[in-house]
1. Restricting to the stretch 129-139, name every residue that is open to solvent by 50 Å² or more (accessible area, probe 1.4 Å) and either of a type in the set (A, V, I, L, M, F, W, C) or closer than 13 Å to Leu29 by Cα (or both).
2. Being open to solvent by less than 60 Å² (accessible area, probe 1.4 Å) and out of contact with any Cys (no Cβ under 6 Å at 6 or more places or on another chain) is true for just one of Gly88, Gly71. Which residue is that?
3. Return only the number of the condition from (1) closer than 24 Å to Glu131 by Cβ; (2) open to solvent by less than 40 Å² (accessible area, probe 1.4 Å); (3) outside any loop (DSSP other than H, G, I, E, B) that Glu21 does not satisfy.
4. Tell me which residues, restricted to the stretch 107-125, are out of contact with any His (no Cβ under 8 Å at 6 or more places or on another chain), closer than 19 Å to Thr80 by Cα and modelled with pLDDT of 95 or more.
5. Return the total of residues in the stretch 25-44 being within 17 Å of Pro137 (Cβ to Cβ) and open to solvent by 50 Å² or more (accessible area, probe 1.4 Å).
6. Which one of the conditions (1) modelled with pLDDT of 95 or more; (2) assigned to a loop (DSSP other than H, G, I, E, B) does Glu41 fail to meet, given that it meets all the rest?
Amino acid sequence: MKIVIQRVKSASVSIDGAIHEEIKRGLLLLVGIEDADTEFELDYAARKITQMRIFSDSDDKMNLSVQDIEGKILSISQFTLFAETKKGNRPSFSSAGKPDFAKKMYEKFNQKLNQIVPTKAGVFAADMQVELLNDGPVTIIVDTKDIRK
C-alpha cells in the first residue's frame with residue numbers, strides 16, 4: 001500500500017458535480033493498493049495512521065493523533081500512486097493492484113479505519129474531484145512495502 005496522508009481543516013469528494021462525502025478537521029488519505037498487500041498491511045496502516053501524532057497540542061507541538069482531536073478521515077482510492085515513470089513519458093500503472101482485488105482491500109481498509117475513527121470514502125474507480133484545505137501543510141507518505149523487509 002502507498003498512502004498519502006494530508007492533515008486537513010476540511011476535505012470533500014464530488015462525483016458528477018455533487019458532493020459525495022465531506023469532513024471537517026481530520027485526515028485526507030489517498031490510498032493505493034498493490035497485489036502484494038495482505039491483511040497485515042491493512043492492519044498496520046490503519047493502526048499507524050490513526051495513532052500518528054501530527055496534530056498540534058496546546059504548546060503547538062505535533063503531539064496529537066486524529067483520534068485525540070476527535071477528527072474524521074476521508075479516504076480516496078488512488079491507483080496512480082503506483083505510477084512508474086522511469087521509461088517514456090506515459091506513466092505505467094502495472095504495479096497497481098488488479099481492480100477486483102484492490103477494491104476489496106480498499107473497502108476492508110476503510111472498515112478497519114472506521115472501527116477506530118469515523119471514516120468516509122470516495123467511490124472506487126469513479127472519476128472524483130477532491131477538494132481540501134491542507135492544514136500546515138502537513139503531508140506524509142506511508143509505504144507498507146517498508147514493513148515487509
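1. From the stretch 129-139, those open to solvent by 50 Å² or more (accessible area, probe 1.4 Å) are 129-133, 136-137, 139; that's our starting set.
Residues satisfying the conditions are Val130, Glu131, Leu132, Leu133, Thr139.
2. Working: Gly88 fails: open to solvent by less than 60 Å² (accessible area, probe 1.4 Å).
From the options Gly88, Gly71, the qualifying one is Gly71.
3. It is condition (2) that Glu21 fails.
4. Step one: of the stretch 107-125, the residues out of contact with any His (no Cβ under 8 Å at 6 or more places or on another chain) are 107-121, 124-125.
Then drop every residue that is not closer than 19 Å to Thr80 by Cα, which leaves 107, 109-110, 121, 124-125.
Passing the criteria: Glu107, Phe109, Asn110, Ala121, Phe124.
5. 1
6. (2)
The values are calculated or read from the model by the stated rules, or taken from the named source; none is laboratory data. Since we're looking at a predicted model, the values are computed, not measured. Don't worry about glycine lacking a Cβ; one is built from the backbone with ideal geometry, like all the others, and counts go over all protein chains shown. For accessibility, only protein heavy atoms count, side chains too; no ligands or nucleic acids. Shrake-Rupley method; radii C 1.70, N 1.55, O 1.52, S 1.80 Å.
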